[in-house]
Structures are given as C-alpha cells and as structure tokens.
C-alpha cells in the first residue's frame, strides 16, 4: 500500500486524505518498515514512525499513522493569513506590522502595505503634509481598513488539512478587529497539545514483554520478566541449579517464566509466549545455561490472542 496507490483523480497525492503527510518507509539496516507521519505546525516539525513490527501489520501501522496525523491537525491549526499579516517581524520599528517610516524622493512618509493574493497594496502619508503623528495614525488606519476587508482563511496547503481545520477552528476566521499581533495558541499550549497526543498514541501501542535468563556464576541462574514499560513492572527470581539436571533446569526455567508472565499479564499471554517463543528458546539444543537469553517482544492485542 504505497502513497501513489491511494491518489485520486484530480488531486495531488499529498492533498489526499489517505496520503497527506504520510510516507511509506521501507526497511533498512537501521530500522524496520513502517508508515511515517511528517508535518509542520506552529513552528514545530512533527515526525513519528509507526512500525509494522510493533502494530502487527502494515495496514494497522498505516491506520495508526493516519489517526495520529488527524489528531495533530485537529489539535493544531495552521496560522491564518490574518495572523501572518499582523505578525511583527524582527526589523519592525513602528510596532505595527505593515506600517513603516520611509524616506522617499518626495520626502519622508509613513507607509501602509498589505500583501494579498492580488498583489501588494501600498499607500503613503507624507510627514511634511500631515505631521509625524497624524501621518503615522493615517497609515495605521489604512492598514486596519485593508485588514478588515481581508477574507480570513487558514494557511492549509492540502485539501484534507483545510477540511478538518475549517470545521474545527471556524471561530478563528472572523474578520480583523485591529492591527495588533494575534496569538491564537501560545507556544506553551502548542507544546502541551503535542505532548498529550504523543502520550495518547504511546498508550495505544501494543504492550511489550521482556524475558531475560542469565547465569551469575556457578549454580546460579537469574530470571527477569518485565512488561517493558516506563517505569517497568518487573519480577526477578533466582534458581539454584547445583542439584538439577539440564532437563530439570529447563523445566524449572520454563515453569517460572510462564507463571510469572501469567502474573504480569495473564494466562493467555503466557500461553502465547510459550507457543510462539518460549518453547523454542528452551529446547535442549537451543538453551545454553551459561549464555541464557534476553528477548523483547510485542504482545498481541487480546483479540489476536483468542484467534
């Protein structure tokens, strides 16, 4: 399922609801395959990879990636053209965006400007004719008149993003009230919303299970079972192997691991681990007491365990 496969007639793929900000990442030596989300919102570059191996399939990874993208779009609208128009640049000296004092061949003026889709509006107010304060006030007033007539829209450059934004943040499309800078969402709120969405999607990931068997010197075997969380729920146990045969050691390790997984998760997960991983790891030919093993796996969701 590539992004080009989901394009629709008459639309650029990046504008389509199925593909906007979504990229299929093929496996390489550093990571596995998955679906990547990449977009910018409010000065933040937001990138997150949803791996096939974590979610069980490319289709499920894609579904999660798309849901994450929509969560970001729904929480963080792009700026409006009005926000951009009244935003103060670093070199602004008048305190009002689009208003500046300019030296011309005809004398000093206060100049009002506004860039629109039809080009740049510009009007000068001569200091020599109106006086310093009056010329500046007239430039500000002209700028305000232009802004009040500006059709306000979000600067969303994809159809899908525009559709969500116009519905969710319609209240931001009211005409200009004045020429002062506007902040629809503070930088702190932007960071908080991104953090909340990331935490929510972290919780959506399938749970993990780590099982470690390690030898600590002669006749002492350590077993650790953890849910891989942060902080992790971990259970540790020791086996004295001095009087045990290799077969008895394997049986003891197997029993401890499966009962502990049952305590950390439940009996279904313990059975799944035994069938998919544990029994193979603990065969006579595979298990070496001196080396042990350390495995980290993603636990299938409950519905998959019951199949």
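So that you can scan it fast, the table gives a plain yes or no per residue for (1) closer than 18 Å to residue 71 by Cα; (2) surrounded by fewer than 15 Cβ atoms within 10 Å (Cβ to Cβ):
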site	(1), (2)
183	no, yes
191	yes, yes
195	yes, yes
198	yes, no
202	yes, yes
205	yes, yes
212	no, no
217	no, yes
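Of the residues that sit in region 23-53 and are touching a residue at least 40 places away in the same chain (Cβ under 8 Å) and out of contact with any helix residue (DSSP H, G or I) (no Cβ under 7 Å at 6 or more places or on another chain), which one is surrounded by the fewest Cβ atoms within 10 Å (Cβ to Cβ)?
43
Can you pull out every residue in region 289-307 that is at pLDDT 85 or above and loosely packed, with under 11 Cβ neighbours inside 10 Å?
Hits for region 289-307 are 290, 291.
From (1) over 30 Å from residue 143 (Cα atoms); (2) buried (at least 16 other Cβ atoms within 10 Å of the Cβ); (3) more than 15 Å from the chain's Cα centre (by Cα), pick out the condition that doesn't hold for residue 72.
With respect to (1) over 30 Å from residue 143 (Cα atoms); (2) buried (at least 16 other Cβ atoms within 10 Å of the Cβ); (3) more than 15 Å from the chain's Cα centre (by Cα), residue 72 is out only on (3).
Residues that are modelled with pLDDT under 95 and within 27 Å of residue 183 (Cβ to Cβ), at least 1 per element: which helices (runs of 4 or more DSSP H) completely within region 38-132 meet that?
Answer list for region 38-132: 58-75, 81-86.
Looking at region 236-253 only, could you name the residues that are within 18 Å of residue 226 (Cβ to Cβ) and in contact (Cβ under 8 Å) with a residue 24 or more places away in the chain?
Of everything in region 236-253, just one residue is within 18 Å of residue 226 (Cβ to Cβ) and in contact (Cβ under 8 Å) with a residue 24 or more places away in the chain, namely 253.
Given (1) out of contact with any strand residue (DSSP E or B) (no Cβ under 8 Å at 6 or more places or on another chain); (2) surrounded by 13 or more Cβ atoms within 10 Å (Cβ to Cβ); (3) closer than 30 Å to residue 46 by Cα, where does residue 173 come up short, assuming only one miss?
Just one mismatch for residue 173, condition (1).
The values are calculated or read from the model by the stated rules, or taken from the named source; none is laboratory data. As the structure is a computational prediction, the values presented were derived from the model and not from experiment. Cβ sites come from the backbone with ideal geometry, for glycine too, and all protein chains shown count toward neighbours.
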